[in-house]
Amino acid sequence: SRSWLKISPEASRPTPARPKRVVVLGAMAQADEMSDIAAPVKKAHQVLRKVAISNSTRMVERHALKQVIEDTNRRFWGCVMLPITLAFFAFYSLSSILHEDVPSKHITEFPVRNVLNPVLGEDDEATSEMLDGLTTSTDVWNYLEQVFVPFFLRDVDVYGRPLPEDQRGTFLQYNQVLGGIIFTLERGFMKSCEDELVKHLTCFPQGTINDEQYGGNISDLYTADKNESYWYGTNESLLDCPNEGFVVPECGYNLSNATERPKRSINIWTLDRRLAPLNQGLTGVMPVKQDAISKLLEGDKGFKFTLRAQDSLDKNRKRFQYLKDRGWIDEQTLSLQAKVVAFNYQLDIPRLLKVQFTFYFSRGGGIYTTQKIEVATLKTWPRHNRGLLLFVDGVFFLMCLASSAFMAREFQKDLKVGKCIGHFNIINTITWLSCLFGWAHLGMLFGLEVYRKMVMASIEDYFDFPDTFSTLEVMRLSDSMAEFSSYQRIFISYAHILFMARCFLSLQWQPRLAIITYTLQVSTVDLLHFLIVLVPTWFGFAIAGMIMFGRRMQAFSTPLTGFAMCLQLAMEGEYDWQGMSSEDWFITLLWVWIYMVLLVMVMLNMVLAIIMDVYAEVRREQGETMSIFQHCTYLFKRAYYYKNWVPDRELWERVAEMPETIIVDDILEAYPDMPQFQLNFLCDGARNRTRVIQRKGIDPTWTVQMVAAIHISLDEIMSDLVKLKKRGWMGKKFEVPNDEDRNYVKGILAGVAVQTNWMFEAQKHVSWLHQQIGVVDEEAEDWKPSGPVELPAMRPRQGND
């Protein structure tokens, strides 16, 4: 049928040389009528041709071979860079693990957490001696006085013997408080309520901070044995000034009496310093808290009070009682922060321990608390594993340098050809970000090293000259370093996610791994459409749960926490049935059942079904792809045969000039020295691409169109031949004047007979497909030729035949 479809309208013009052949061509070359079926017939020709070539061991399709060469060239450097990308991620992770030293931090933090806020079992209830059990201002006072202060500011050892003054503040035997405990209290204003309904009442707004002096007069505390000199004015007085803790800025620190000391030079390149002197819940809708920027611009508006570690526990208790007697916590209190910085030098790496508890006094009447415990090491490259750390950091530095140089070169190339914006695709953007995060990591290590040297110098000053200045300085620098260390920890966590994304995108260069990335890419559209249904449904259940349970369960108290709780319920299938069903039992039962059936059992499984369906289709389309082990073998063989290996560009240009169907011997003839491994790799890849139709099949719509087009073509051919026969053109005594025309007519008739038989087989296959997919066509009839088709007998040449 292809010969007929290629006939142009000009072919129907009569020529003197072949008048009878022109009759046939003119009768069949109806270009306008055939234009509608040309595409299906062409498609059928391509399908049959691809199937035939894919099963041949000596032929390959030119287009498929070009695609294999292009993919090989594109993936080669990507596969070479894949181990480097994985090594980049591995060395960054190893550097983070060694620098953070999380196991040692855990054994330092956990005992403190367990004492101040013990871990409870499922049936245990929090008491007023635990952080989670505080509900009133009285509970806060009792917790600080009976648990917090005695734990940190101990003045006796485990046997009850008094500790020397320079060892006071030692807790858990090996941790020593630096400076003391700093309490910072923030207050709001008191004014008449603005709402007309309660305008005659007094309100305490929580949106602004008040730094005005309060607390009455200290003279009200005078007694016969506790006069003015007892409270302030002498070195033995309890306070440093009359209104300590009740004025801003604090008045308790007089730096004029600081001991003169020699200036210490801090060498940030020195790895070691002497250590001899050292051997002596819900905060979403809470009152406003002054942030760092506000403190910098407006000054610190918090009321500070310090319990010093050098003082005895009895004196610190008296100072603490002084705050209670003057009403330090009152109705205007917004928040109270208790902060301690301790020093531990008994482990391999000296480290700081920062404990910060914040109490929010909600205008709803309750108290909500947050705890933050950070451990920061005081050595960047400790002696016990310095060699390994320097090696890992050095390799990571070289990888950052190489990646940055490579990306800069690629950007310069794209800039020269005017593709500046096109350069920043998803892969290049993530690669650039990973380079920037790598340099930021190295910069933060350097900055932390500077901080560590400064803190070490301040600690030495604190133990050598234990005055007010050294106390303030060591507490300030230690707190700043612990805060910087916490930000670095958060940075490292997000950097790992970014580097993981870079590794994930790099998987596309390996054919077998690319199936996973391509599956996610293809399924993205379906998943996004599915999320349009899933997210509103999920959010609707979260809002319903918040309305029903939020009054009595903190997990459902806000829309965001309700959504998180619903996510946990879907992923883990665990929930607090007793707490949820304590009220409205039947409504809770309906909510849980509908949620579990609709979201957990149906929608989440639909997500898996979408992904698995796409994965099966992608896997079937890709066919026999190279595994990672086969790819390693390919890279090794390519390096082994590098002298005779034909470059991809040269091979692509040569293949582009070859016929549409390429004989394998033609490739060997063009490149006689080509390694057999390269030839087999190219041919196998081309055949794998050609077999896509056999693996995936043909769309049923195309199948019907192709069969219909061939059906129409054969009908027209048979109709014309029958007409010619009736007119006597093919009579028994009619002879074609020359051999060429005679063979041409015989070829036509043979082709018609073959295609008639093929048409019959194709129609049976289509009918079988219709039965498989459940399509019933009542009007379909078996195709039959218009008349009998007889093949002319082959006879020997006679006379002028």
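Taking the Cα centre of each part, how many Å lie between region 649-672 and region 300-319? With region 649-672 and region 300-319 each reduced to a Cα centre, they are spaced 88 Å. Let a ≥ b ≥ c be the square roots of the eigenvalues of the Cα gyration tensor of region 297-432; is it rounded (a/c under 1.5), or, if not, prolate (a/b larger than b/c) or oblate? Oblate is the answer for region 297-432, as a/c is 1.5 or above yet b/c matches or exceeds a/b. Determine the alpha carbon to alpha carbon distance for each of K105/K301; K66/K637; K301/K324; K419/K643; K105/K372; K226/K324 and list only those over 24 Å. Long pairs (Cα-Cα over 24 Å): K105/K301; K419/K643. Note on surface exposure: S128, S403 rank S128, S403 by accessible area, highest first, 1.4 Å probe.
The peptide list 611-623, 555-567, put in order of mean Cβ contacts within 10 Å with the highest first, becomes 555-567, 611-623.
With a/c under 1.5 counting as rounded, go ahead and sort region 608-688 into rounded, prolate or oblate using the C-alpha gyration tensor (a ≥ b ≥ c being the square roots of the eigenvalues; past the cut-off, prolate if a/b is larger than b/c, else oblate).
It is oblate, given that a/c is not under 1.5 and a/b is not larger than b/c.
Rolling a 1.4 Å probe over the heavy atoms of the protein chains gives region 309-379 an accessible area of 30 Å² per residue. Sorting the Cα pairs of region 65-155 by distance into bins of 10 Å, from 0 upward, gives 13, 22, 17, 13, 12, 10, 9, 4, 0 percent per bin.
Starting with the highest mean, order 312-318, 381-387 by the number of other Cβ atoms within 10 Å, averaged over the residues of each peptide.
312-318, 381-387
Answer rounded, prolate or oblate for region 457-561, using the Cα gyration tensor with square roots of eigenvalues a ≥ b ≥ c: rounded when a/c is under 1.5, else prolate when a/b is larger than b/c, else oblate.
oblate
Placing +1 on the Cβ of every Lys and Arg and -1 on the Cβ of every Asp and Glu, with nothing else charged, gives region 565-619 a dipole about its Cα centre of roughly 220 debye. Region 567-625 and region 61-123 have Cα centres spaced 28 Å apart. Taking the charge dipole of region 116-246 about its Cα centre, with +1 at Lys and Arg Cβ atoms and -1 at Asp and Glu Cβ atoms, the residue from I218, S229, G180 reaching farthest to the positive side is S229. The residues K304, K453, sorted by heavy-atom accessible surface at 1.4 Å with ligands and nucleic acids left out, run K304, K453 from largest to smallest. The largest accessible area among S237, S582 belongs to the first residue in S582, S237, and the rest follow in falling order (1.4 Å probe, all chains).
Taking a Cβ cut-off of under 15 Å around R168, the surrounding Lys, Arg, Asp and Glu residues balance to a net charge of 0, with basic ones at +1 and acidic ones at -1. Report, by chain and number, residues whose modeled amide H sits under 5 Å from the one on F343, excluding near sequence neighbours (fewer than 5 apart, same chain). Placed amide hydrogens put Q176, V177, L178, L353 under 5 Å from F343.
Using a probe of 1.4 Å on the protein chains alone, the accessible area found for K199 is around 110 Å². Applying a threshold of 28 Å to the alpha-carbon distances of K723/K746; K191/K318; K354/K453 flags K191/K318 as lying beyond it.
The values are calculated or read from the model by the stated rules, or taken from the named source; none is laboratory data. Source: prediction; values computed, not measured. Because the Cβ atoms are built from the backbone with ideal geometry, glycine has one as well, and the counts that use them run over all protein chains shown. What goes into the accessible areas is simple: the full protein's heavy atoms, side chains included, and nothing from ligands, DNA or RNA. Shrake-Rupley method; radii C 1.70, N 1.55, O 1.52, S 1.80 Å.
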